[in-house]
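A quick write-up on the structure given underneath.
The values are calculated or read from the model by the stated rules, or taken from the named source; none is laboratory data. On a predicted model such as this, the values are computed, not experimentally measured, just so you know. For neighbour counting, all protein chains shown are included, and Cβ atoms are generated from backbone atoms with ideal geometry for every residue, glycine included. Heavy atoms of the whole protein, side chains included, go into the accessibility calculation; ligands, DNA and RNA do not. Shrake-Rupley method; radii C 1.70, N 1.55, O 1.52, S 1.80 Å.
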Amino acid sequence: MQTIHGAKDTRSFAIRKATKEDIPAVMTVNLRSLPENYWYGFYEYILLNWPESFLVAEVNGVVVGYAMSRVEDTGDPLLLGLIDDKGNPLVRGWQEPKKAGHLVSIAVLREYRGRGIGSALLAETIRVMRDNYKVDSIFLEVRVSNTPAINLYKKFGFRVVRRIPHYYRDGEDAYVMVLRLKPTS
Ligand SMILES: CC(C)(COP(=O)(O)OP(=O)(O)OC[C@H]1O[C@@H](n2cnc3c(N)ncnc32)[C@H](O)[C@@H]1OP(=O)(O)O)[C@@H](O)C(=O)NCCC(=O)NCCS
């Protein structure tokens, strides 16, 4: 993958694949941005198994954002974008199981938000999931109160398919959002 340079405004950034050396900086961004935090070995596990979709965003050579995803075999038609939130089929003639990309975590440091970095990370995640990992869909969980993230996902065509009560440790509900990548008929 080539490094992608954002052009939304004059404050430029670059998106590239992460390396093992980036993990401490990614952990710092995560700790400063989200209450959902992970141990070093989890990042390493994701990077080793799905290196194409572990991305970092850099400004002047400093990591200011990341997105990491995994690929999962699933027979859940909701996660595959095969039925809508009412259970109506959207696709005919499918067989289980299929592959779904799971956006595990995405974050941009607060002082670098609102300049297109989150969009660039998500756009590249979608491209890699479709072209490299050949998934049928991408799904994610998001806090029901997290309007900026929900708007970001909607902007790329994700739709809410499920609400999971008390999904987060503090008791907040999650929306599951899905983007279908393969044709629906
Ligand atoms: C969600 C997040 C990654 C977005 O990153 P970002 O670099 O600010 O995103 P962008 O500048 O590309 O904005 C993309 C879209 O997100 C939405 N958005 C961003 N900030 C927003 C805000 N404060 N309020 C409402 N919508 C917002 C908009 O739809 C925006 O599109 P637009 O610029 O065309 O209006 C960032 O807010 C973040 O790191 N939040 C904390 C971590 C987090 O919540 N991660 C998601 C966990 S599920």
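Which numbered condition in (1) in contact with a Ser or Thr (Cβ under 8 Å, 6 or more places away or on another chain); (2) modelled with pLDDT of 95 or more is the only one that Gly6 fails?
(2)
Which condition number in (1) more than 16 Å from the ligand (Cβ to nearest atom); (2) over 26 Å from Asp173 (Cβ atoms); (3) of a type in the set (S, T, N, Q) is the one that Asn88 fails?
Condition (2) is where Asn88 drops out.
Find the residue count for the range 38-62, including only residues that are open to solvent by 50 Å² or more (accessible area, probe 1.4 Å) and of a type in the set (S, T, N, Q).
The qualifying residues number 2.
Give just the number: which of (1) modelled with pLDDT of 95 or more; (2) within 25 Å of Arg162 (Cβ to Cβ) does Val59 not satisfy?
Val59 satisfies every listed condition except (2).
Could you check how many residues of the range 32-84 are touching a Gly at 6+ places or on another chain (Cβ under 9 Å) and closer than 26 Å to Ser137 by Cβ?
Residues meeting the conditions: 14.
Quick one: in the range 121-160, of everything that is of a type in the set (Gly, Ala, Ser) and open to solvent by 10 Å² or more (accessible area, probe 1.4 Å), which residue is nearest to the ligand (Cβ to nearest atom)?
In this case the residue turns out to be Ala149.
From the list Gly101, Gly65, Gly118, which one is in contact with a helix residue (DSSP H, G or I) (Cβ under 8 Å, 6 or more places away or on another chain), assigned to a helix (DSSP H, G or I) and either surrounded by 15 or more Cβ atoms within 10 Å (Cβ to Cβ) or in contact (Cβ under 8 Å) with a residue 40 or more places away in the chain (or both)?
Gly118
Checking the conditions here, which among Arg113, Arg163 is surrounded by fewer than 18 Cβ atoms within 10 Å (Cβ to Cβ), without any contact (Cβ under 8 Å) to a residue 24 or more places away in the chain and farther than 20 Å from Tyr43 by Cα?
Arg163
Quick one: is Glu172 open to solvent by less than 30 Å² (accessible area, probe 1.4 Å), in contact (Cβ under 8 Å) with a residue 24 or more places away in the chain, away from the ligand (no atom under 11 Å from the Cβ) and not in a strand (DSSP E or B)?
For Glu172, the condition - open to solvent by less than 30 Å² (accessible area, probe 1.4 Å), in contact (Cβ under 8 Å) with a residue 24 or more places away in the chain, away from the ligand (no atom under 11 Å from the Cβ) and not in a strand (DSSP E or B) - is not met.
Output the residue which, of all residues in the range 121-148 that are part of a loop (DSSP other than H, G, I, E, B) and touching a residue at least 60 places away in the same chain (Cβ under 8 Å), is nearest to Leu90 (Cα to Cα).
Here the answer is Val135.
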